[in-house]
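What follows is a short report on a single structure.
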Amino acid sequence: MVDSLVHFFTDNLGGVIPAEAVIFIISMMPILELRGGIIASAIMQVPIVKAIIICVLGNILPIPFILLLITKIFDKLKQTKFLKPKIEKLENKALSKSDNIKKYEFWGLVLFVGIPLPGTGAWTGSLIAALLGVELKKSIPAILLGIALATVIMCTVSYLIPYLISVM
């Protein structure tokens, strides 16, 4: 799913706006996040150092807003009859993935954000941290460390492995 969404954005925005803007936008989006941005960077042949900087910044940008505001926003939205069940479903889905974060808190959050699997990443990790009331002094460093781990993994998969295969 991530690959098809990345290809959709690179195919449709690639010739319209600069590659750097495309990967920044992709890196800010839930579901795609940094892993999608790095894949798009490799597809669009953005140099790895530039790709890392842009993708990390794009992935970090929404995090403070999620950590600081999402519970207040959700509380307001749950006051409406139409949105209450949708917000509660989203909260329950996020919290269903929170067992390791509850158990290991800091390192659980690092791994949840850092291991690029479907339904994980900085967006969901920040949402879970906010819903669980994890302190900012723990959640912010854990999320940043998770983003660093995801960056290493995704750059290895998207840049290093294809390079090594091409030179063999």
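Just so you know, all these numbers are worked out from the coordinates, no wet-lab data involved. In this text, all values refer to a predicted model and were calculated from it rather than measured experimentally. Positions of Cβ are backbone-derived with ideal geometry, glycine not excepted, and every protein chain shown enters the neighbour counts.
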Members of the range 1-29 that are farther than 13 Å from residue 54 by Cβ and in a helix (DSSP H, G or I): 2, 3, 4, 5, 6, 7, 8, 9, 10, 11, 12, 13
Residue within the range 81-96 that is on the phi > 0 side of the Ramachandran plot, free of Cβ contacts under 8 Å to residues at least 24 places away in the same chain and not aliphatic (A, V, I, L, M) present: no
Scan of the range 100-135 for residues that are in a loop (DSSP other than H, G, I, E, B) and hydroxyl-bearing (Ser, Thr, Tyr), ordered by number: 120
Breaking point among (1) aliphatic (A, V, I, L, M); (2) surrounded by fewer than 15 Cβ atoms within 10 Å (Cβ to Cβ); (3) within 30 Å of residue 18 (Cβ to Cβ), for residue 143: (2)
Test: residue 60 is closer than 16 Å to residue 148 by Cβ and either buried (at least 18 other Cβ atoms within 10 Å of the Cβ) or of a type outside the set (Asp, Glu) (or both): yes
Some residue of the range 105-122 being more than 11 Å from the chain's Cα centre (by Cα) and surrounded by fewer than 17 Cβ atoms within 10 Å (Cβ to Cβ): yes
Which listed residue, of 65, 74, is part of a helix (DSSP H, G or I), among the aromatic types (Phe, Trp, Tyr) and within 16 Å of the chain's Cα centre (by Cα): 65
